[in-house]
């Protein structure tokens with residue numbers, strides 16, 4: 001509640017009960033969803049693997065870029081020597097066809113790139129979307145019309161086509177993971193801006209925002225102190241769903257050859273050349289595809305769980321439904 005509204009009610013002397021911590025309520029609702037907890041555990045494990053990739057590969061004694069030509073059969077076109085793609089005590093998941101690079105090392109280092117790019121792109125989308133959405137919602141009619149039409153143009157543009165065009169004109173010396181994150185974030189902020197604008201228009205009609213205006217607060221102060229707390233729940237919810245979408249986009253760009261370039265490991269880049277090896281070395285295709293599938297699924301389930309935990313109406317509907325079931329059993 002606004003400080004201005006609290007100040008106007010301070011003279012009444014009525015003691016209000018202390019509200020329950022929002023973080024505690026969120027955690028309690030999230031714990032009630034077993035699927036979300038499992039997804040959160042999977043995501044936490046993936047993040048730990050990505051952060052600890054250098055340590056894990058050091059324990060294995062390999063790195064993602066060293067070639068091992070002695071581990072591939074050149075007479076058969078570069079197929080790994082040994083069972084299950086060359087799995088051994090030195091190479092836990094086997095080696096890459098034609099090059100002999102360690103698959104485990106490339107897989108865990110690819111997690112760093114895929115998750116890092118997705119999180120950075122999501123951050124750019126949220127910052128741009130929140131800023132433009134608040135400006136459109138609080139601005140006058142002209143500002144709202146200009147920003148809303150610009151947002152509509154961004155939303156209408158095909159993401160992959162525009163990303164491919166932007167990636168093609170940037171010099172090759174620019175760090176590719178950074179470029180991919182910037183391109184995805186700069187192209188795909190429109191939906192976030194539309195959500196924030198709609199929520200801002202709703203919030204600015206509430207009493208505590210009106211009290212802040214009557215107190216003489218500036219537009220920037222109202223946005224920072226009154227609107228941003230109210231926007232936190234929908235923005236966090238949508239951001240949680242953006243991360244798996246951005247992982248998929250990064251993988252698609254790398255698969256098309258305009259994303260992360262070799263020798264940098266990326267799940268999408270690994271899939272680029274894996275399609276011709278699905279019979280001779282199926283693990284080369286299945287491992288990055290499986291990692292991508294599990295990551296996207298876990299993040300999607302976690303995002304849906306966060307949405308339910310942050311939405312009190314969802315919890316109310318759940319309690320009402322449970323109550324009806326109990327009455328029916330009685």
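The values are calculated or read from the model by the stated rules, or taken from the named source; none is laboratory data. Every value quoted in this text rests on a predicted model; they were computed, and no experiment measured them. As a convention, Cβ positions derive from the backbone with ideal geometry for all residues, glycine included, and neighbour counts pool all protein chains shown.
Kindly indicate whether any position in segment 206-213 is modelled with pLDDT under 85, exposed (fewer than 15 other Cβ atoms within 10 Å of the Cβ), more than 10 Å from residue 130 (Cβ to Cβ) and touching a helix residue (DSSP H, G or I) at 6+ places or on another chain (Cβ under 7 Å). There is at least one residue in segment 206-213 that is modelled with pLDDT under 85, exposed (fewer than 15 other Cβ atoms within 10 Å of the Cβ), more than 10 Å from residue 130 (Cβ to Cβ) and touching a helix residue (DSSP H, G or I) at 6+ places or on another chain (Cβ under 7 Å).
For segment 277-289, the criterion of being at pLDDT below 80 and either more than 30 Å from residue 67 (Cβ to Cβ) or crowded, with 21+ Cβ neighbours inside 10 Å (or both) is satisfied by at least one residue. Scanning segment 89-98 for residues that are over 19 Å from residue 289 (Cβ atoms) and touching a helix residue (DSSP H, G or I) at 6+ places or on another chain (Cβ under 9 Å) returns 90, 91. Residue count for segment 136-149 under the criterion of being more than 13 Å from residue 189 (Cβ to Cβ), in a helix (DSSP H, G or I) and touching a helix residue (DSSP H, G or I) at 6+ places or on another chain (Cβ under 8 Å): the result is 5. If you take the residues in segment 43-80 that are surrounded by 14 or more Cβ atoms within 10 Å (Cβ to Cβ), out of contact with any helix residue (DSSP H, G or I) (no Cβ under 7 Å at 6 or more places or on another chain) and over 30 Å from residue 243 (Cα atoms), which one is modelled with the lowest pLDDT? Among residues in segment 43-80 that are surrounded by 14 or more Cβ atoms within 10 Å (Cβ to Cβ), out of contact with any helix residue (DSSP H, G or I) (no Cβ under 7 Å at 6 or more places or on another chain) and over 30 Å from residue 243 (Cα atoms), the one modelled with the lowest pLDDT is 78. Only one of the numbered conditions (1) in contact with a helix residue (DSSP H, G or I) (Cβ under 8 Å, 6 or more places away or on another chain); (2) over 29 Å from residue 192 (Cβ atoms); (3) surrounded by 15 or more Cβ atoms within 10 Å (Cβ to Cβ) is not met by residue 84, and that is (3). Cβ separations smaller than 8 Å between residues 6+ apart or across chains give no pair from segment 168-196 residues that are on the phi > 0 side of the Ramachandran plot and assigned to a helix (DSSP H, G or I) to residues that are surrounded by fewer than 22 Cβ atoms within 10 Å (Cβ to Cβ) and at pLDDT below 85. When every residue of segment 89-109 is checked against the conditions, none turns out to be over 16 Å from the mean Cα position of the chain (by Cα), exposed (fewer than 14 other Cβ atoms within 10 Å of the Cβ), free of Cβ contacts under 8 Å to residues at least 12 places away in the same chain and assigned to a helix (DSSP H, G or I).
Candidates 83, 163, 148, 114: the one that is over 20 Å from the mean Cα position of the chain (by Cα) and under 30 Å from residue 53 (Cα atoms) is 83.
As for segment 227-237, it holds at least one residue that is surrounded by 18 or more Cβ atoms within 10 Å (Cβ to Cβ) and under 30 Å from residue 176 (Cα atoms).
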